[in-house]
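Pasting a structure below so you can have a look.
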Amino acid sequence: MELVAASQAGNQDAFASLVQRHQRRVFNLVYRMLQSYEEANEITQETFLAAWQGLSSFRGDARFSTWLYRIAYNCCLKQLEMRKRDKALQAAIQEEHLLDLAGEENAAMTQIEAADRQSLVHEHLSTLPAKYRIVLVLRHLQDMTYEEMAEILTMPIGTIKTHLFRARNLLKERIQAIEQDWRTRG
């Protein structure tokens, strides 16, 4: 809290320490949401700029990291909204990519193996709606509790659990459909 108080008083070195302390986790969250290294770098910087500019509004009701994650999440949502105009093009590209994967028997068999299942999950994670993707990222990749997630996303724990349930089922259905398709082709 000393660094936060010093930062609020205008101490840029203190804020630089806060950035250094939280940058990796913020970047990981943003990267998982956006699935783009370049965008993740840009949005991570945007997050810290917004945090610096909004530091006076931080009241300490929540932990600084929670407040920062909320800013990062909102920046991600804004970026995803900007992407929506290109949604049809992205959908066509993803469909083509999936067809390429399904068409290659060796690649399909490799994807089914346990070692590659994780990359398949990550690939399909990016196709989930943002509200489902964020709960999976926070819970399983950032190891957050339901309470922390509720603070960051400003939603009830029950809603978070519902989103997690639906997200897991959607992901499972998509992966099973691809595996079934591969089995019928093989």
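Exposure proxy check: 3, 29 ranked by fewest other beta carbons within 10 Å?
Details: 3 16, 29 26.
Sorted ascending by nearby Cβ count, the order is 3, 29.
Round to the nearest 0.05 the FRET efficiency obtained for residue 28 and residue 180 when R0 = 22 Å and r is the Cβ-Cβ distance. Could the numbers behind the result be given before it?
Details: r = 32 Å, r/R0 = 1.46.
Once the sixth-power term is evaluated, E becomes 0.10.
Taking the beta-carbon count within 10 Å as an exposure proxy, list 124, 140 from fewest neighbours to most. Walk me through the numbers on the way to the answer.
Details: 124 18, 140 15.
The fewest-first ordering by Cβ neighbours comes to 140, 124.
Also, quick follow-up: In which sequence would 52, 182, 67 go, from the one with the fewest C-beta neighbours within 10 Å to the one with the most? Could the numbers behind the result be given before it?
Details: 52 13, 182 18, 67 21.
Least to most surrounded, the residues fall as 52, 182, 67.
Values in this text are rule-based calculations from the coordinates and carry no lab data. Remember, it's a predicted structure, so these values are computed and weren't measured experimentally. Reconstructed Cβ throughout: ideal geometry from the backbone, glycine too, with neighbour counts over all protein chains shown.
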